[in-house]
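Since the structure comes first, as structure tokens, the remarks are kept for the end.
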Amino acid sequence: MARRQVAPTGKKSGTSRKRGYPDAPQTYDDFVRQFPRLAEAWEVMGKAGEKGPLDRKTTRLIKLSIAIGAMREGAVHASTRKALSMGITRKEIEQVLTLAAGTLGLPSTVAVFSWIRDELERDSSTTRSH
């Protein structure tokens, strides 16, 4: 199984770029270098989840909703970034949040809102600066 590598320029040449996603944070790359076997297992699990009748957009929105429900801040950030890179709209992402609100409750929903907002604002500022 191919391992995710960091090129000398510091740019990643691994899975997320291949799938058209934004580059992973440096912490991920550091983790992969230190624990390559765990990274390989992670890749296998990810590929297994891609098999099935759901399209990429639906799969991404489900993964976002799972991250929201599990209250995994890093996963919410990453899934939001990946959703935006796939062309999923702000409104679609916000609908996932509103669907989760009844189960999460207000304090948790506000926390998740702040994590999603971080990525939406970052995306807006990146779009404006290009």
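Every number here is computed from the coordinates shown, using simple stated rules; none is lab data. These figures come from a predicted structure and were not determined experimentally. Note that we place each Cβ from the backbone using ideal geometry, even for glycine, and neighbour counts take in every protein chain shown.
Which one of Thr109, Gln95, Thr59 is farthest out on the positive end of the charge dipole of the range 53-130, using unit charges on Cβ (Lys, Arg +1; Asp, Glu -1) and the Cα centre as origin?
Comparing the listed Cα positions along the dipole, Thr59 ranks first.
Using r as the Cβ-Cβ distance of Ser124 and Ala75, and R0 as 25 Å, what FRET efficiency do you calculate, to the nearest 0.05?
Calculated value: 0.70.
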